[in-house]
Structure formats: C-alpha cells, structure tokens
Amino acid sequence: MIANELYFLSAGEASRLIQSRKLSPVELTEAYLARIEAVDDKIHSYLLVMADAARAAARQAEADIQAGRWKGPLHGLPFAVKDNYYTQGVRTCGASRVLMDHVPEYNATTIDKLQAAGAILLGKLNTWEYGTGNGGVYFDLPFEPARNPWNVDHFTGGSSTGAGASVAAGTAMMALGSDTGGSVRLPAAACGLQGMKPTYGRVSRHGILPNCYSLDVAGPLTWTVEDSALLLRAMSGYDPQDPGSAHAEVPDFVAGLDAGIRGMTIGVVRDLGEANNLLDASNRSAMEAMIEVLHREGARIVEVTLPSAIAEYRQTGAVINWTESLSIHEKDFMQRNAEMGQALREKMMSGFMTRAVDYVAAQRRRRELTKSLDALVHSVDALVLPGAFHVAPPFADPDKVKAFTSDTAMPPFNLSGHPGMSVCTGFDEQGLPTNAQIVGRYFDESTVYKVARAYERATDWRSRRPAL
C-alpha cells in the first residue's frame, strides 16, 4: 500500500490493518502529516499542527501494539479536534485574537479519553471565532477561513469548519466538533461526511470552550458510519466535571451495526410547512431516493410532521444561545470587543440586547416544544428529514452563506436534546454533497447508526473523494 492511499482509509479499515500488522501507526501518521503539508494551504483545515507530538505518540502506539498491549480499535489512529477543545500546554485560541495567548493547563475530557484509547492527536482544526457566530463569514479573523475540499471557492459549513474540511480532504482520519445549533451536522452536510450530534449529556464538554451551556454538544465528524460509532463509543460516558453530563450506560455502538433495519418504523418529514420552498431540489430528490433505499432495506415508512414550525424552534434556541453566550463571554466582549471579528461581535450584541424576561420565556417555550417533539420521536424508531436545506454555497455570495446556516431543520434537536446525524446522500450536478438528517430517541444513537449504516451500505457515496 503506497503512502498516498493511506489518508483515504476509513478508521475501521485502518484499524483492521493495524491489528493484522499490515499497517503501522507510524506509517499512517506520516501519511497524514504529508497530506497536510501537501494540501492544507488550499483548504486551511488546521490552525495548528502538532507534528512532533503526533510522531512521538505514533511511535509509542507502534511499540505498544508490537508488544501485545493493544488498547482497542482506535489504537494508532490519527484524529484532530476543533480549536475550542482544550489541549494541555498547546494553544487553544478558537480562531480569535482575544485568545491568542491562551494555553490550557489540561486537556478536554474527550481528548483524554481518545488518547487513553491509543488515538493520535494531529492538531487543532479551524473554526469560527469562539466556535460560534452569526452565520456569516467576513474574512476578518487572524486565520484564513477553511475551504470546502469539493470546491475550494465554496463554504464548509460552520462552526466546525476545519473538522468538515479535514475529514473530506484526508488531512484527518476523524475529527471532533461541537454542535449548538447544527455546528457538527452543517459542516458534515457541506463536506459530504457523517456528522453525529449525540444526545445532550452523552459526551462530556469539560475542557471545551463553552458557547451555550444548555445547548452545546460535542460530536464526531467522520467518513463512515462505523468510524463515527467507534469514536462515539470512546468519547462517551459520565464526567463529574461537566454539570450537564448524564449517568447513562454507554453501549457498544459498533455491535449490531450491520443488523439491518427490517421491521423498523421510520417517520419521514416531507412537509416543512412555511420552509418548504427553501429546500434545494437536489437535497429533496436525494432524500426521496434515501427513503426508497430504506424501504427496500425492510423499513416501514410513515409520513409525519413536526409539531411546530421550524422557525419557532430556531427562534427559541437563538434567544437562549445569545443570552447564555453573552453570560459566558461578557468580560471579553466588554473589554476586548474591538479585537473580535464581526460575526462574534454581532452575536454578543444580540445577547446584550436580549431581556431576562425573553430568556425565561424562551426556556418555558423550550419545555413545551421539547415535550411535543419527544412524543413524535417516540412514535417511531427513527426520523428522517432534511438537514441543511442547501448545498455548500460560494463564499462570493455572503447571503447564501448565511442562508446555508439558517435554512436547516437542525435546531429543533439542539433545543430538545435528541441525537441527530447528518448523512451524505450523494452529490448535485456541480459535484457538491447533498444531505439528510436521521434523528433518534434519547440515548438511542445505536438505532440512528443502524439506519445510517443500512443506507450507507446500500449506496456507493463513500467511494467518491474530492480531488485536490
């Protein structure tokens, strides 16, 4: 196997090769570092590459595996993290001038978990400032924005911009992002990945720069469903250092992944109400084709509708997001807002202008919306509905960039906390990825993965990669 093939292996494939001693962690890590060197000046997926540390970890992984000290399926596999994940002794700036000198004294819990499983950290990935914003890209941050590997003139989705770009381009095998209103699933949709937002509380957020305490969720962006399941299994678990962490059993998400979906009832949301005319024709037709595949795989398809308009979920979540973000970052905003980019500054101003009574009303409405949405989710085994309504737009059209972020069916499940996964459903006539979303019951990521895997296995979208 030649080096330039290695960076397009899935994590599952690479793991099996390492276990059979047909591939070494050192060889694999060097292939990724070479790939970063070769193409990252085009896509800007990284803010910081930890090459020396990655090489040292790869050598240690190789020695451990050769000595029979295998730690599991992630042992020797490279990953990278959005630059709002704290890394001990390594700058974590969140793409901001304000945090340019921020060097944490500890790792995010998720990083500790993955490194304990033998995974190798390659570096810190590009992001919107502080991992948040107003949906726009203004080219006013200290780093060049990440670019979409399928067309470098196009948007990656936000805010986990580098995470989406890296896995699609082969500069990272797996990536960790964070999702407050879609920020794992949107880059996955734009870049043709499988992006999982787990149940709220499933994964610790300790050591992740907070954006909105009651909405933030950490999640994986990967090339395949199996890769996502492998990563989520290692990331998950109760953490007393995160007040929102849940005492929930962590299943083996990989076990039974190929069991199929025969006999499942899948609720399909076709009617988006007032948002119907926003959905791209390419995304609509790709989702219809996906539904046909799931039906052929043995699922019973039923038509369902969301209990409230998507705009209501989005507006309720926005008030909560603005307010909590300002409460977290008020000192930075008051003292150093001139150093912030436009997107972050405008979001902080939205929080500044929101009244306490509005926040309280939004939280009350949230409980009502969540109760009715949970009843819908529990009426079926899983939901299938649109995710991002548009394919990745060109940077040259700022209105379309903002519309990509706002025109989605993702915020309802941040508000409710249900697990939601963006899956690649093909490509449009320009070669840009299309997407749909699969949603499950609380802490039932296993069923979401089974549905996603049944569709992935029946299609050939994973055989196609961007040319850089």
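Which of the DSSP-defined H helices in the chain satisfy a minimum axial length of 24 Å, computed from C-alpha atoms, and a minimum mean Kyte-Doolittle hydropathy of -0.5?
25-43, 356-378
Considering only DSSP states other than H, G, I, E and B, which trypsin sites (Lys or Arg not before Pro) in the range 233-313 qualify as loop sites with at most 12 other Cβ atoms within 10 Å?
Arg262
Counting only heavy atoms of the protein chains, get the accessible area per residue of the range 1-121 (1.4 Å probe) and round it to a whole Å² value.
42
In square angstrom, what is the accessible area per residue of the range 283-409 with a 1.4 angstrom probe?
Counting only protein heavy atoms, the per-residue value for the range 283-409 is 47 Å².
Assigning unit charges at the beta carbon (Lys, Arg +1; Asp, Glu -1) and nothing else, what dipole magnitude in debye, to the nearest 20, does the range 150-263 show about its Cα centre?
Magnitude of the dipole: close to 140 debye.
Please arrange His378, His206 by accessible surface area, largest first, computed with a 1.4 Å probe and ligands excluded.
His378, His206
To the nearest 20 Debye, how big is the dipole of the chain about its Cα centre, given +1 on the beta carbon of each Lys and Arg and -1 on that of each Asp and Glu?
600
Rounded to the nearest whole Å², what accessible area per residue is found for the range 160-238 with the 1.4 Å probe?
Heavy-atom accessible area per residue stands at 11 Å².
Go through the range 50-92 and name the trypsin sites (Lys or Arg not before Pro) that are in a DSSP coil and have 16 or fewer other Cβ atoms within 10 Å of their Cβ.
Here the sparse-neighbourhood loop sites are Arg69, Lys71, Arg91.
Please give the length that would be gained between Glu429 and Val360 if that part of the chain were fully extended, namely 0.36 nm times their separation in residues minus their C-alpha to C-alpha distance (nm, one decimal).
Between Glu429 and Val360, full extension yields an extra 20.3 nm.
Give the separation of the Cα centroids, the range 162-178 to the range 309-361, in Å.
28
How much of the accessible area of the range 25-122, probe 1.4 Å, is carbon plus sulfur, in whole percent?
After summing per-atom areas, the C and S share lands at 48 percent.
At a 1.4 Å probe radius, which order do Asp179, Asp332 fall into by accessible area, largest first?
Asp332, Asp179
Return the subset of Lys42/Lys82; Lys371/Lys402; Lys197/Lys450 for which the Cα-Cα distance in this structure is over 26 Å, preserving the input order.
Beyond 26 Å between Cα atoms: Lys371/Lys402.
Over all Cα pairs of the range 302-372, how is the pair count split among 5 Å bins, expressed in % and running from 0 up to the last occupied bin?
3, 15, 24, 18, 14, 11, 7, 5, 2, 1, 0
Given R₀ = 41 Å, FRET efficiency for Ala338-Ala63 by Cβ-Cβ distance, to 0.05?
0.25
Could you please state, rounded to a whole Å, how far the C-alpha centre of the range 28-65 is from the C-alpha centre of the range 104-146?
If we compute the Cα centre of each part, the gap is 16 Å.
Calculate the spin-label point distance for Glu5 paired with Arg296, positioning each point 7 Å from the Cα along the beta-carbon direction, and give it in nanometres.
2.9
The values are calculated or read from the model by the stated rules, or taken from the named source; none is laboratory data. These numbers were taken from a predicted model, which means no experiment stands behind them. So basically every Cβ, Gly included, is an ideal-geometry build from the backbone, and we count neighbours across all protein chains shown. We work out accessible area using only protein heavy atoms, side chains counted, and drop any ligands, DNA or RNA first. Shrake-Rupley method; radii C 1.70, N 1.55, O 1.52, S 1.80 Å.
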